[in-house]
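Let me begin by presenting the structure, written as structure tokens, before commenting on it.
Any read-out appearing in this document is the output of simple, stated calculations on the displayed coordinates, not a laboratory observation. Keep in mind the model is a prediction, meaning the values are calculated, not measured. No Cβ is skipped: glycine too gets one built from the backbone with ideal geometry, and neighbour counts run over all protein chains shown.
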Amino acid sequence: MKAGEAIAMRVLEAMLPGAKLAYRDEQSHGQYDFDLRYADGTTAAVEVTMAVDETLMKTLGAIRGKRAGGRVIPAVACKESWSIYAAKGAEIPTIRKKADQLLANLEREGIDGFDFFDQWKPGCSQTVRELCYQLGVTEGYVLSSAGKPMIRINSPIRGSAVGDSLALIQAGEDETRKEDIRKKLGVAKTAERHLAVYVHPLSSAEPSTFLVSEPPQETLPTLPQEITNIWLIGDGENNDEFVVWYANTKEPWRSAKIVCAPETSNNQNSHQVH
């Protein structure tokens, strides 16, 4: 069982009192992942998928690539050590090539820090604009003047704002339209057919944080006929804590914070519905 499937199992069992999910081992022929058995004896089908931002993953891979130097850019022109943050989708090889000289220009201008919003401020340094607009560096600051200078390139900052809750709902509903998912749930003979989407921490703009901080829009989901229920599951702020947005063809989006018992514990799961 994959990690996302194990998490979905814990969360749905916590959300649905008395229900149990049975993992289906015979999935080589495209069957769905779980049989969901309710306390009253009825059964539903559950498929689990994981949402990951491929662009972000590629950016992280380029930053961490050991052949290119990993997180450290050699400092030749710089006299001080810097820490900079790349935007998601930034051309990391270009940053490696040009950042040293541009940061050295900032040192000569007496600037020891900047962020992405500085480029729109009156009197902003042209060098800052080049770093932000042309290279895709969202933030930078001097680390130290001591020791041998170095430039550390950091992963994209994934804040809590992704626009509004409709963006996250759209991302979840996009998963429901994938052909393989529709095919798996479409063959189920059950009245309910659930899709659980685990929102990986390496998803666009940290949607798991957005799940924590924002309520969903109270609208009915747009689902294909093969799917009746949808769940968006994100990691919470603490271990064994998850945040869930859920809806079905008859009920609008709602949210819940789930505190699951550790997998090795017999403690009861609990949840708070908002």
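Below, the figures for the structure above:
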| quantity | calculated |
| --- | --- |
| Cα-centred dipole magnitude for the range 76-148, charges only on beta-carbon of K, R (+1) and D, E (-1), debye, nearest 20 | 220 debye |
| In order through the range 92-102: 3J(HN,Hα) via Karplus (6.51 cos²θ - 1.76 cosθ + 1.60), integer Hz, x for Gly, Pro | 4, x, 5, 4, 4, 7, 10, 4, 4, 5, 5 |
| Among the listed pairs Lys58/Lys97; Lys20/Lys257; Lys183/Lys257; Lys189/Lys250, those beyond 22 Å (Cα-Cα) | Lys183/Lys257 |
| Two-site FRET efficiency, Gln170 against Arg254, from Cβ-Cβ distance with R₀ of 22 Å, rounded to 0.05 | 0.80 |
| Formal net charge of residues neighbouring Asp112 (Cβ-Cβ distance under 12 Å; K, R +1; D, E -1) | -1 |
| Mean projected area (nm²) of the alpha-carbon convex hull when the range 76-148 is viewed from all directions | 4.6 nm² |
| Net charge of Cβ neighbours under 11 Å - reference Thr222; Lys, Arg +1; Asp, Glu -1 | -1 |
| From phi via Karplus (6.51, -1.76, 1.60), per-residue ³J(HN,Hα) for the range 14-23 in Hz, x at Gly/Pro | 6, 6, 10, x, x, 7, 9, 9, 10, 6 |
| Point-to-point label distance, Met1-Lys189, nm (Cα→Cβ direction, 7 Å offset) | 2.5 nm |
| Segment Asp112-Lys79, extension gain: residue separation times 0.36 nm, minus the distance between their alpha carbons | 10.7 nm |
| Low-density loop cleavage sites - GluC sites (Glu not before Pro) in the range 1-86, where at most 14 other Cβ are within 10 Å (DSSP) | Glu26 |
| Theoretical gain in end-to-end length, Arg67 to Asp180 [0.36 nm per residue, Cα-Cα removed] | 37.0 nm |
| Using θ = phi - 60° and Karplus 6.51 cos²θ - 1.76 cosθ + 1.60, couplings along the range 122-133 (whole Hz; Gly, Pro as x) | x, x, 4, 4, 4, 5, 4, 4, 5, 4, 6, 7 |
